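What follows is one structure encoded as structure tokens, with my remarks underneath.
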């Protein structure tokens, strides 16, 4: 069975500092991996995704994640965070060739402090 | 805007009552998903519609939960004999054609509280 583990429930960080939000997945078959973000009082939004090809994927607002098959990880990183990055971040997986149903981790709250 | 909308935004009910939660997907999206998000947890898949039919209902927790999408657009999630454990945010998402490659767009959710 598929599962996703987000190792940190809360990550406090100062503005302009780097950040890494950790995500590990388990699956016996090929998977696709996603990061979703939920800003305060807003719905979930897709941040970035890995489907195939380059193992390093980037978002338009400076986040990146690297698919590491040997470590079954898909950690999310940003070299310098802004106050506006404060949000809940969810890692998710889906089986290739499936209906598209997503299996989510528990979420990580990123708190950016001035 | 033309995003996914859900009504009501909040629903408070008493244990044992029946509730209906509505989802309006993005126009033209054939795939519709329901998820449930309990406090402090990530969303949990409930059911997936492709058009009018439920293609995957493996996430429905028991027979008190039922969902319909009679015309392939609006969907209603129905919960009978509500229990306190049903309290959660119910999320709806739609995508253009379903499947893993199609991006899912999420609505703001309905917060259900069962007293």
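The values are calculated or read from the model by the stated rules, or taken from the named source; none is laboratory data. This is a predicted model, so every value here is computed, not measured. Ideal geometry is used to build each Cβ from the backbone, glycine not excepted, and the neighbour counts take in all protein chains shown.
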Strands (runs of 3 or more DSSP E) within the range A:67-114 that include 1 or more residues within 18 Å of residue B:98 (Cβ to Cβ) and in contact (Cβ under 8 Å) with a residue 12 or more places away in the chain: A:87-95
Of the criteria (1) in contact with a helix residue (DSSP H, G or I) (Cβ under 7 Å, 6 or more places away or on another chain); (2) loosely packed, with under 15 Cβ neighbours inside 10 Å, which one residue A:84 fails: (1)
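Residue B:112 - would you say it is away from chain A (no Cβ under 14 Å) and either in contact (Cβ under 8 Å) with a residue 60 or more places away in the chain or within 30 Å of residue A:52 (Cβ to Cβ) (or both)?
Yes.
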Members of the range A:1-44 found to be part of a loop (DSSP other than H, G, I, E, B), touching a strand residue (DSSP E or B) at 6+ places or on another chain (Cβ under 7 Å), within 11 Å of chain B (Cβ to nearest Cβ) and loosely packed, with under 15 Cβ neighbours inside 10 Å, listed by number: A:9
Some residue of the range B:73-87 being touching a residue at least 24 places away in the same chain (Cβ under 8 Å), within 12 Å of chain A (Cβ to nearest Cβ) and more than 11 Å from the chain's Cα centre (by Cα): no
Qualifying strands (runs of 3 or more DSSP E) (wholly inside the range B:38-91; at least 1 residues being at pLDDT 95 or above): B:44-50, B:65-68, B:75-79
